[in-house]
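First comes the structure, then the notes that go with it.
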Amino acid sequence: MAVSSETISKGMLDILWSQWSTLGAFLSAEETTRSVVDPEAALVAACSIGRADPRLFDEVLDWLRVNADLIRPVRLNGMARNMGRDTVRVLAAAVDYASEAAGKVILPSVVERGREVLHGMKKENLFSQDGIYSNEFPANRELDPLFLKWGLMRGKVEVRHYSRMPDLNNPANVMVSMRKHYSQTAKADTLTYLMTGKAGNSYQIARMIDYNQSTVYRALVKMSNGGPVTRHGKGESSPFWVDRQKLATSVGINKLPVFFNWAQIYGAYNAAIQAMDEIIALSNGTREVLAIEAVVNLAARIIPAIRGAGVPLEQISIPNPATMRSSDGASELMSFLETAMDILNYHRA
């Protein structure tokens, strides 16, 4: 099996195109209907994995210009932080650009978080070439001054101003739709998960929707007191659930999509993209032992994250530990990643 970061990157970019088309970005990709689109996770992924695709990135900039009010900054900052300083910087630059383009300040805490990590970061190209972020830029091209302020070199931004609001009749946009129905975001996102994921206690639900557990627990308790949520027992370990079809009908959803923790998925694949070429280089040299150790360490980080990111992913077989510690380990890990991607794509169309 061919092992390369390019294969993984292309697969994730295809999913991102579909998700951003669903959210209303002007992209010629088929919208997804079968899995919940998470706007914060998609935005963070556009500022990490999406750096390999300038067209996608710039359409996301335009979308953010008109739809920033749909984004929840606390979740966004947490997801970006988990991706690393590079993503925090790119995200802050994207929000800074969208603020200037919109003529108003949007998501100020995201920009402030970016400033906190900027010190000591080197200037580099915003967009990658074969997975490399070079610190060289063609002398005959004009640099965009706003992105350069963030130490990111790119040509002048030219967006087309065709972005629109998400179609709330599309079940994949149920998270956005629920936020329209429930003013408190924790309630909206908690109900989105209970309706499209599965029952769970406050810890399990908080992990899947990337919220603080105490925030989710308080929301669940309030909604179980004569509201749409049912609770069995007492304490933070007690399970909560909803009548999924009844809740879906009440908010105008005819067909329930599947819930995935996209932040977890994109984080795992981003880690694989960053590590895979280095692993191949080690394997092709005289350091195969180091390559095997790198594969084992990467697998330990990303396999549990992917298998725990949604019910359809739970059934993927774990690679044989003995094989992972052999020269075939990288191929085994690639096979796992491609199997997971096949499942994600099945729940996309």
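Values in this text are rule-based calculations from the coordinates and carry no lab data. Note that the structure is predicted; figures quoted are calculated from it, not measured. When we count neighbours, we look across all protein chains shown, and the Cβ atoms used for this are built from the backbone with ideal geometry, even at glycine.
Structure notes:
- One decimal place: the segment V157-S317 gains 53.2 nm when fully extended, by the rule 0.36 nm per residue minus the C-alpha distance.
- Column: log10 I(q)/I(0), Debye, Cα scatterers of the range 171-250, q = 0.13, 0.16, 0.26 Å⁻¹: -0.32, -0.50, -1.41
- Rg to Rh quotient for the range 64-115, alpha carbon positions, Kirkwood Rh: 0.94
- The range 99-224: proportion of alpha-carbon pairs further apart than 25 angstrom, %: 53 percent
- Counted as membrane-span-like here are DSSP H helices of the chain whose alpha-carbon atoms extend 20 Å or more along the helix's own axis and whose Kyte-Doolittle mean is 0.0 or above; these are 5-23, 85-102, 262-284, 288-307, 329-346.
- Most tightly packed first, judged by the mean number of other beta-carbon atoms within 10 Å of their residues, the peptides 19-28, 287-296 read 19-28, 287-296.
- Efficiency of FRET between Q129 and N212 - r from beta-carbon atoms, R0 45 angstrom, step 0.05: 0.70
- Relative to one another, the C-alpha centroids of the range 279-349 and the range 124-173 are positioned 30 Å apart.
- For the chain, a Gaussian network of Cα nodes joined below 10 Å ranks Y182, Y217, Y269 by mean-square fluctuation, and the top entry is Y182.
- Hull volume per residue, based on the alpha-carbon atoms of the range 1-75 and their convex hull, is 107 Å³.
- Whole-angstrom Cα spans of the range 38-153 along principal axes, big to small: 38, 28, 24
- I318, I303, I265, I273 arranged by Cβ crowding within 10 Å, fewest neighbours leading: I318, I303, I273, I265
- Aspartates and glutamates whose Cα lies under 19 Å from that of K255, excluding same-chain neighbours fewer than 8 positions away: E30, E31, D38, D167, D189, D243
- Around V229: net Lys/Arg minus Asp/Glu count, Cβ-Cβ under 11 Å: +2
- Across the chain, C-alpha contacts under 8 Å between residues 6 or more apart give a mean separation that, scaled by the residue count, equals a relative contact order of 20 percent.
- The range 283-349: radius of gyration and largest Cα-Cα distance (Dmax), Å: 13.1, 44
- Relative intensity, log₁₀ I(q)/I(0), of the range 92-164 from a Debye sum that treats every alpha carbon as a point, q = 0.14, 0.16, 0.22 Å⁻¹: -0.51, -0.65, -1.09
- Charge tally for A322 (other residues, Cβ to Cβ under 11 Å; Lys, Arg +1; Asp, Glu -1): -1.
- Label-to-label distance for H232 and K10 is 4.7 nm, based on points extended 7 Å past Cα in the beta-carbon direction.
- In the chain, the DSSP beta bridges split such that about 65 percent are antiparallel, to the nearest 5.
- Per residue, the convex hull spanned by the alpha carbons of the range 223-272 comes to 119 Å³.
- Computed E for M165/R301 - FRET, C-beta separation, R0 30 angstrom, nearest 0.05: 0.25
- Debye equation applied to the C-alpha atoms of the range 207-349, log10 I(q)/I(0) at 0.12, 0.17, 0.18 Å⁻¹: -0.66, -0.98, -1.04
- Cross-link pairs K122/K149; K180/K234; K104/K187; K180/K222; K222/K246 - those with Cα-Cα distance over 21 Å: K180/K234; K104/K187
- For the range 104-144, the spread of Cα coordinates along the three principal axes comes to 33, 23, 18 Å, biggest extent given first.
- Distance between the C-alpha centres of the range 50-106 and the range 8-28: 16 Å, rounded to the whole angstrom.
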